[in-house]
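Written out below as structure tokens is the structure these notes cover.
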Amino acid sequence: MENKETTLNETVKHLQAAQLVISGKWKLSILIVIGGGIGRFRDLQRSLLPITTRSLSQELKAMESDGLVLRMVENAGPVSLVNYSLSDSEKALLPITDELIQWSKYQALYQKPS
């Protein structure tokens, strides 16, 4: 039988693993925007101002490497269009981000002024 400390240690270990994958200034915002149906690179960038092209590119590459987003290249004549979508594991994070947003709204509403 597992004791409480072992269970807590396992919980912390899993939380830390999740934090490594979704940590970063922009990853959760990117998740929300792609989840909202915006998938083209330039459209993502416009939705996430003031993110730089370089930062967005780095975050998307990391998220693709971690299996969180899917990258599809469409050959449309002389220019290739890149479209991003959420992987199934990333879609599972959407309810969690919704809860974080609700918590943030609550905090902003009831936070005591300094």
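Bear in mind these aren't lab numbers, they're just calculated from the coordinates by the rules spelled out. This is a predicted model, so every value here is computed, not measured. Backbone-built Cβ (ideal geometry, glycine too); neighbour counts: all protein chains shown.
For the range 13-47, name all the residues that are outside any helix (DSSP H, G or I), over 16 Å from Ser87 (Cα atoms) and of a type outside the set (Phe, Trp, Tyr).
Let us first name the residues in the range 13-47 that are outside any helix (DSSP H, G or I), namely 23-26, 36-40.
Restricting the remaining residues to those that are over 16 Å from Ser87 (Cα atoms) gives 23-26.
Selection gives Ser23, Gly24, Lys25.
With respect to Arg71, is the statement that it is of a type outside the set (S, T, N, Q) and within 19 Å of Leu93 (Cβ to Cβ) true?
yes
Looking at the range 1-39 only, could you name the residues that are among the small types (Gly, Ala, Ser) and touching a residue at least 12 places away in the same chain (Cβ under 8 Å)? Step through it out loud before you land on a result.
Taking the range 1-39 first, the residues among the small types (Gly, Ala, Ser) are 17-18, 23-24, 29, 35-37, 39.
Gly24, Ser29, Gly35, Gly39, listed by residue number.
Name the single residue that is farthest from Ala17 (Cα to Cα) among those in the range 41-81 being surrounded by 10 or more Cβ atoms within 10 Å (Cβ to Cβ) and in contact with an Asp or Glu (Cβ under 7 Å, 6 or more places away or on another chain).
Leu81
Would you tally the residues in the range 48-82 being among the polar types (S, T, N, Q) and either over 14 Å from the mean Cα position of the chain (by Cα) or part of a loop (DSSP other than H, G, I, E, B) (or both)?
To start, the set of residues in the range 48-82 that are among the polar types (S, T, N, Q) comprises 52-53, 55, 57-58, 65, 75, 80.
Filter once more, keeping what is either over 14 Å from the mean Cα position of the chain (by Cα) or part of a loop (DSSP other than H, G, I, E, B) (or both): 52-53, 75, 80.
Selection size over the range 48-82: 4.
Within the range 51-86, can you find the residues that are in contact (Cβ under 8 Å) with a residue 24 or more places away in the chain and out of contact with any Lys or Arg (no Cβ under 9 Å at 6 or more places or on another chain)?
Across the range 51-86, the qualifying residues are Leu56, Asp66, Val69, Leu86.
So, of the residues in the range 76-114 that are polar (S, T, N, Q) and in contact with a strand residue (DSSP E or B) (Cβ under 8 Å, 6 or more places away or on another chain), which turns out to be farthest from Phe41 (Cα to Cα)?
By that ranking, first place goes to Ser87.
Could you say which residue among Ile32, Ile38 is within 12 Å of the chain's Cα centre (by Cα), surrounded by 12 or more Cβ atoms within 10 Å (Cβ to Cβ) and closer than 21 Å to Met72 by Cβ?
After ruling out the rest, the residue left standing is Ile32.
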